[in-house]
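Each remark here refers to the structure printed beneath this line.
Just so it is clear, none of the values below were taken in a lab; they were calculated from the coordinates. All figures in this text were calculated on a predicted structure; none of them were measured in a lab. Cβ atoms come from the backbone with ideal geometry, glycine included; neighbour counts cover every protein chain shown.
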Amino acid sequence: MPSAVRAVRVAGREDGWYRGDCHVHSVSSNGGELTPERLADEARAAGLDFLAATEHNNADTHGTWGRCAGDDLLVVLGQEVTTRTGHWLALGVRYGQVVDWRYGVRDEVVDRWLAEVHRGGGLCVVAHPHAPYDSGTFLYPYQGFDVVEVWNGPWSSDLPWQADNEAALAEWGRGLGEDIRQGGWRPAMGNSDAHLSGQIGVPHTVVRAGELSTGAVLAGIRAGRSWIAGSAAVELSFEVSAGAQRAGVGGQLECRDEPVAARVGVRGVPSGVVSFHTGRGKVHAASLPGAGAGTVEWRTGAAESAFVRVEVRHPGGDMAALTNPVVLL
Ligand SMILES: [Zn+2]
Ligand SMILES: [Zn+2]
């Protein structure tokens, strides 16, 4: 137990951007084929700085992750709570903690378990809300959850669940303006839901954090200081400015009547399409060159929208990266 506790509190490097996959299954979940050691090896090979262990309804691997973590790989303890009417991720649970999963929306008990995770400093994430299989479709209100997993597994038009990711993203994007007006919005995240070799990190969430520790990473995710990458080959920077004011992803920009410039830099998406999205939908799009690196700028104002966010798609339409919004005040 002590080694695992130490490992999950490893404080690695400094303030920066960290890549992590927060929905990962080992042999301790149905359908999982990899040991924790293999998952950690594959996480490192995929360019990740952290992962969250989210077995189905058990803490059986909590004692193992301490051996797999290190200064270069943080392991956040978690669980995928697979209830009868939707799955959710508890991230940052205590060592050995198991969150109850034996209920559905009509039992009206989910709030109790969300509160329990929150009391321990953890995050509650809506998992793959539009998954079409039995129990996978999310029927709870989003109220009480901190984050929505809008991108689960590879975003590929060859795969049947691409429509489910599009539905989750569209729903999240539609609600953003109203959520911001009401004083709170729920950040998006992306995770692989890896069960097999070669899956971890596709996609993952890139988080701005004060250090590589469970507390700092979860704080960054909760605040929306993050964007989602299809792989570690994709790099992105996003900044919005008005006069001398600047804000990055997840931040707020006090622009009042000043013109606003939104600027995104991308690498690793050959001939990709960068688009800006506001409360009015897609407002601007531009193509990247064949080499895959470029900067796209768009000008707006707070009168036009309460937020601006970015998507980057491959030429065929599959997602390469997407960001949380910058809020315009
Ligand atoms: Zn699930
Ligand atoms: Zn899962």
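Would you mind pulling out the separation of the Cα centroids of the stretch 260-329 and the stretch 21-43, in Å?
Using only Cα atoms, the two centres lie 33 Å from each other.
Given the -39500 (n - 2.57) contribution per DSSP H run of 4+ residues, what per-residue ellipticity at 222 nm results for the chain, rounded to the nearest 500 deg cm²/dmol?
Calculated from helices alone, the mean residue ellipticity at 222 nm is -5500 deg cm²/dmol.
For the peptides 133-141, 75-83, what is the packing order when you average, over each peptide's residues, the other Cβ atoms within 10 Å and list the highest mean first?
75-83, 133-141
Give the span of the chain's Cα atoms along each principal axis, as three whole-Å numbers ordered largest to smallest.
Computed over the Cα atoms, the extents are 54, 43, 39 Å.
Starting from the Cα of ARG181, step 7 Å toward the Cβ, then list every residue of the stretch 141-169 with an amide N under 19 Å from that point.
In the stretch 141-169, the label zone of ARG181 (backbone N under 19 Å from the point 7 Å along Cα→Cβ) covers 142-143.
If you project the alpha carbons of the stretch 235-328 onto the principal axes, what extent comes out on each, in Å, largest first?
Each principal axis gives a Cα extent; for the stretch 235-328 these are 37, 24, 18 Å.
Assuming 0.36 nm per residue, please report the length gained on full extension of the stretch LEU196 to TYR142 beyond their Cα-Cα distance.
Working it through step by step, the gained length comes to 16.5 nm.
Among SER157, SER213, what is the fewest-to-most ranking by other Cβ atoms within 10 Å?
SER157, SER213
Label points 7 Å out from Cα along the Cβ direction at TYR133 and ARG38: separation in nm?
1.8
Taking the simple approach of a point 7 Å from Cα along Cα-to-Cβ for both GLU254 and ASP100, what is their distance in nm?
4.6
Would you tally the net charge around GLY265, using a Cβ to Cβ cut-off of less than 12 Å, leaving GLY265 out, and scoring K and R as +1, D and E as -1?
-1
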